[in-house]
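The values are calculated or read from the model by the stated rules, or taken from the named source; none is laboratory data. Everything numeric here is computed off the predicted structure, so don't read it as measured data. We place every Cβ from the backbone using ideal geometry, glycine too, and count neighbours over all the protein chains shown. The area values use the complete protein model at the heavy-atom level, side chains included, leaving out ligands, DNA and RNA. Shrake-Rupley method; radii C 1.70, N 1.55, O 1.52, S 1.80 Å.
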Amino acid sequence: MTAWSVSGLGVGVIVRVAFLGPEHSFTHMAAEKLFPGAELVPCNSITKVFRLVEGYEVDYGVVPIENSLEGPVGETLDNLATTMLHIYAALEMRIDLVLAGRKGAGKIYGHPHALREAARSLERLAPGAELVPVPSTSHAARQAAEEDALCVCSRRAAEAYGLEIIAEGLEDGPNYTRFIALAWRDQPENAERTSIITAFPDEPGSLYRFLEPFARHGVNLKMIYSRPIPGKPWHYNFYIDLEGSRLDRHVAEALEEAAARSLFIHVLGSYPVQRG
Ligand SMILES: O=C(O)C(=O)C[C@]1(C(=O)O)C=C[C@@H](O)C=C1
């Protein structure tokens, strides 16, 4: 039994962490960095990771939320809109993609984000190949090994599934993905960032009025995305990341004033951000 400690849990407690798998996905590497020594549980979808944490089958879950080239991960944002879980921590990690498998094969498996991140290189290296989306980069490597095809994945996944590496550095520019750890609590005492979900009445100036308190209290916004609300065509939830903790006075005051100018504010959590 490995001794392991995370703030709030004692040494000697083994934590269980679900991640988007199978083994050797980028999310697997992120889970290893966020929870060294933990027991890691692969899941075949992001939604499954949420369900395992919600069902108390694991202590934490790790999922991708945003890529610096391709933007937000829709499945993660949609689950955040309905879950009672919080964001406990985040990790920004560099993503280095390789093309691996049998040279000249007509099919390239990949996670849709990874295929887009490598779009220009793939056009050059394998023009005319069929791009086949699968749930993760390690799933792509496993599938390519089974079918003697090609895939876009990490060097580690290519090696683990016995694939020949045909090209490295496929990404179209500096490529980073932010991963989040989900839990039943956040870490406001130790936080660099706060994430919220909100929505506004469909009337002129509502977004402008909502943002004003953040400007006045000097709260820096780090990210803002809107996503359609399922079942309500042309209505949107807004996902906003702020610098600071919900316990910081200027953040708390801005949130309280902004809440009065929106339909609701759901605070997903205040949490530390790890890099590398
Ligand atoms: O974790 C993986 O390997 C994934 O396939 C997921 C994911 C993502 O959704 O962003 C993670 C990192 C890369 O940006 C490409 C794909």
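Quick notes on this one:
- Residue-wise HN-Hα coupling along the stretch 230-247, computed from phi with Karplus coefficients 6.51, -1.76, 1.60 (Hz; x: Gly, Pro): x, x, 10, x, 6, 10, 10, 8, 10, 9, 10, 10, 10, 7, x, 9, 5, 8
- Accessible surface ranking for Leu247, Leu207, Leu80, Leu131, 1.4 angstrom probe, highest first: Leu247, Leu131, Leu207, Leu80.
- Computed from backbone phi with θ = phi - 60° and the Karplus coefficients 6.51, -1.76 and 1.60, the 3J(HN,Hα) list for the stretch 31-47 is 5, 4, 6, 6, 9, x, x, 6, 7, 9, 10, x, 10, 8, 8, 5, 4 Hz; x is used for glycine and proline.
- Applying the criteria of a DSSP loop state and at most 11 other Cβ atoms within 10 Å to the GluC sites (Glu not before Pro) of the stretch 172-276 yields no site.
- Sequence-distant residues sharing a close amide H with Val63 (under 5 Å, placed H): Ile180, Leu182
- Dipole size of the stretch 188-271 about its Cα centre, with +1 on Lys/Arg Cβ and -1 on Asp/Glu Cβ: approximately 200 debye, rounded to the nearest 20.
- In a DSSP loop and with at most 13 other Cβ atoms within 10 Å, the GluC sites (Glu not before Pro) in the stretch 73-169 are Glu164.
- Seen against the Cα atoms of the chain and their longest principal axis, helix 206-216 is set at about 80 degrees.
- Length gained when the stretch Lys103-Arg16 is fully extended (0.36 nm per residue, less Cα-Cα span): 27.5 nm
- The chain, relative contact order in percent, only Cα pairs under 8 angstrom and at least six apart counted: 21
- Span from the the stretch 64-128 Cα centroid across to the the stretch 186-255 one, whole angstrom: 26
- Heavy-atom surface of the stretch 98-168, accessible at 1.4 Å and reported per residue (Å²): 47
- Reachable lysines, given that their alpha-carbon falls under 27 Å from the alpha-carbon of Lys33 and they are not under 8 places away in the same chain: Lys48, Lys222
- Per DSSP, loop trypsin sites (Lys or Arg not before Pro) in the stretch 157-248 with at most 13 further Cβ within 10 Å: Arg185
- Under 20 Å from the Cα of Lys107 - aspartates and glutamates, other chains or at least 8 residues apart: Glu117, Glu123, Glu130, Glu146, Glu147, Asp148, Glu159, Glu164, Glu168, Glu171
- Compared with the dominant Cα axis of the chain, that is its longest principal axis, helix 137-147 is turned about 20°.
- Cα point-scatterer Debye curve for the stretch 98-168, base-10 log of I(q)/I(0) at q = 0.17, 0.24, 0.28 Å⁻¹: -0.45, -0.97, -1.38
- Helix 249-259 and the long axis of the chain differ in direction by around 90°, with both axes built from C-alpha atoms.
- Charge dipole (debye, nearest 20) of the chain; +1 at Cβ of Lys and Arg, -1 at Cβ of Asp and Glu: 60
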